[in-house]
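Q: What follows is a single structure, and I will ask about it in a moment.
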Amino acid sequence: MGDDGPSPDPSLPRTDLAVDSLPEHGQTETSEPPRGVRVATEVHEGIEITRVVVESDEGGRAIGKPPGSYITVSAPEVPPRSTEARETTARLLARELESLLHLDEDGEAFVVGLGNWNATPDALGPRVVSQILVTRHLHGQVPANLVEGTRRVSALAPGVLGLTGIETGEIIRGIVEHIHPTVVIAVDSLASRSIGRLLRTIQIADTGIHPGSGVGNNRTGITQDTVGVPVIAIGVPTVVHASVIASDTLGLLAREARAFRRFEANDDNTRQELIAKVLAPAVGDLVVTPKDIDFAIAELAKMIAAALNAALHPRMAANPALV
């Protein structure tokens, strides 16, 4: 599980989502973003797309994210239950990916599935990689008409430090130095500071990723500075901290019962900080994932892989295929 930078307040539950770090959890219609941060939201076919652009170091410090673009795709139901809704979401994801990739016809992509395939909430990356159309080995080896409309794409699920004994960042850097891709695309499971975003939000960022930091296991970053080529990160929040659940629940009660008015008067950050202090001695830094995580990861992996295949291979751009 990854993160794109340090949290602005280390006492708060960690989050990998830029929209989580905005005032009022990204509800920009009621609050202004910090200086140096631009936010725009639009809706396509019932799917909300929020673009957060961190334009300066000052803006980055305010929300705990490095300068860059963060695109959040939020559907009413993710993963969608109907095939039509899944294909619509995949098509919109492909469009947003293309806007960040900037690949020409000869561009080459290296897709990396971060995470532990033995732990379902952390297996999104490896599941996506298993469904990527890899073509790097075909270009130059088969007739040109067979690879027409495809780019050179390679993919790898390198595992985690506990399985390999090697920092994931070191593995990726070594491969990049050998195959020289145009861009690295890293797919990972994330952590959120909002129950409402769990398994319902897909974030795309051009700032790279730090595997494990979403749940406190800081690893070597996978960024343009560390691997030498641009890194696009794709992630879905699959866990939240226990204090987030308690805070959101009490916040709802506060809006419904006068007995909780004093607690509700505090902002989200203060409530979560207070609850975290209560929970820490008993359960530590507990994170929680939904009971249908197996189904959700499988469906999200299909959808993200379809979007990636469409964004990377022109012949698939018009109709992302769900495996």
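Q: Considering only region 41-59, how many residues are under 12 Å from Pro76 (Cα atoms), open to solvent by less than 60 Å² (accessible area, probe 1.4 Å) and within 17 Å of the chain's Cα centre (by Cα)?
A: So the answer is 2.
Q: Let me ask you something else. I'd like to verify a number: residues in region 28-38 that are open to solvent by 40 Å² or more (accessible area, probe 1.4 Å) and part of a strand (DSSP E or B), how many?
A: 1
Q: Determine, yes or no, whether Gly216 is farther than 25 Å from Thr89 by Cβ and modelled with pLDDT under 95.
A: On the way: farther than 25 Å from Thr89 by Cβ: yes; modelled with pLDDT under 95: yes.
Yes; evaluated as a whole, the condition is true for this residue.
Q: Please name all residue pairs, on different chains or six or more residues apart, with Cβ atoms under 9 Å, provided the first residue is in region 222-233 and is open to solvent by less than 50 Å² (accessible area, probe 1.4 Å) and the second residue is in a helix (DSSP H, G or I) and of a type in the set (Ser, Thr, Tyr).
A: Filtered contacts from region 222-233: Ile222/Thr168.
Q: Restricting to region 191-212, name every residue that is part of a helix (DSSP H, G or I) and open to solvent by less than 60 Å² (accessible area, probe 1.4 Å).
A: To start, the set of residues in region 191-212 that are part of a helix (DSSP H, G or I) comprises 195-197.
Result: Gly196, Arg197.
Q: Among all residue pairs at least 6 apart or on different chains, which show Cβ distances below 8 Å where the first residue, located in region 133-162, is farther than 19 Å from Leu114 by Cβ and the second is part of a loop (DSSP other than H, G, I, E, B) and among the small types (Gly, Ala, Ser)?
A: So the pair list comes out as Arg151/Gly107; Arg152/Gly107.
Q: Within region 150-190, restricting attention to residues that are surrounded by fewer than 12 Cβ atoms within 10 Å (Cβ to Cβ) and in a loop (DSSP other than H, G, I, E, B), which residue is modelled with the highest pLDDT?
A: His180
Q: If you don't mind, there's one more thing I want to ask. Tally the residues that are open to solvent by 70 Å² or more (accessible area, probe 1.4 Å), at pLDDT 95 or above and part of a loop (DSSP other than H, G, I, E, B), restricting the search to region 115-132. Step through it out loud before you land on a result.
A: Restricting attention to region 115-132, the residues satisfying the condition of being open to solvent by 70 Å² or more (accessible area, probe 1.4 Å) are 117-118, 127, 130.
If we keep only those that are at pLDDT 95 or above as well, we get 127, 130.
The next check asks that each one be part of a loop (DSSP other than H, G, I, E, B); those that pass are 130.
Here the count works out to 1.
The values are calculated or read from the model by the stated rules, or taken from the named source; none is laboratory data. Since we're looking at a predicted model, the values are computed, not measured. In this analysis, Cβ positions are derived from the backbone assuming ideal geometry, glycine residues included, and neighbour counts consider all displayed protein chains. With ligands, DNA and RNA removed, areas are computed over all heavy atoms of the protein, side chains included. Shrake-Rupley method; radii C 1.70, N 1.55, O 1.52, S 1.80 Å.
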